[in-house]
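Structure first, then comments.
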Amino acid sequence: MTTTPFDPSKLQTPVTVLYDSTRAASVHEVEFLKTKNKDGRLEFVDLAESADSASDYGVSAEAVNKQLHARDASGQVFAGNDALYAAHAAIGLTNWFKMCRLPGFQSVGTGIGPKH
């Protein structure tokens, strides 16, 4: 699996958010994204509940179990914070998410917190 560093200028929608509903942090973030997805720029696939295979999206099930992934319409695959950044950018929350990427912070659900 090859993931791509996120570049907002190259993002193509829709962005498919791949997550595992057995991970509470993933579910919390996905629920937040769903409330902001007014224009349908995001699609959501719960690989724990879906008949789809992670490999259908160019990722491994093990990788999705560890962190959220996203794939844009051009096939670029993003993992972890880059996946979150891509999802937020697709729905117009890029500036908000940049704050979560400042040194010393990490995205925690829909908020920010110090790195442990």
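The values are calculated or read from the model by the stated rules, or taken from the named source; none is laboratory data. Since we're looking at a predicted model, the values are computed, not measured. Cβ sites come from the backbone with ideal geometry, for glycine too, and all protein chains shown count toward neighbours.
Overview of results
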read-out	value
Some residue of region 88-104 being among the hydrophobic types (A, V, I, L, M, F, W, C), within 15 Å of Phe6 (Cα to Cα), modelled with pLDDT of 85 or more and part of a helix (DSSP H, G or I)	yes
Index of the failed condition, Val77 passing every other in (1) out of contact with any Gly (no Cβ under 6 Å at 6 or more places or on another chain); (2) modelled with pLDDT of 90 or more; (3) closer than 15 Å to Pro8 by Cα	(1)
Check on Pro14, surrounded by 13 or more Cβ atoms within 10 Å (Cβ to Cβ), modelled with pLDDT under 90, within 15 Å of Gly92 (Cα to Cα) and not aliphatic (A, V, I, L, M)	no
Criterion violated by Ile112 - all others in (1) at pLDDT below 90; (2) of a type in the set (A, V, I, L, M, F, W, C); (3) in a helix (DSSP H, G or I) satisfied	(3)
Positions within region 17-47 being surrounded by 15 or more Cβ atoms within 10 Å (Cβ to Cβ) and among the aliphatic types (A, V, I, L, M), in sequence order	Val17, Leu18, Val27, Val30, Leu33, Leu42, Val45, Leu47
Close pairs from region 64-85: first in contact (Cβ under 8 Å) with a residue 12 or more places away in the chain, partner aromatic (Phe, Trp, Tyr), Cβ under 6 Å, at least 6 apart	Leu68/Tyr19; Ala70/Phe78; Arg71/Tyr57; Phe78/Phe6; Asp82/Phe6; Tyr85/Phe6; Tyr85/Phe97
Residues of region 33-63 that turn out to be in contact (Cβ under 8 Å) with a residue 40 or more places away in the chain and either among the β-branched types (Val, Ile, Thr) or in contact with an Asp or Glu (Cβ under 7 Å, 6 or more places away or on another chain) (or both), as a count	1
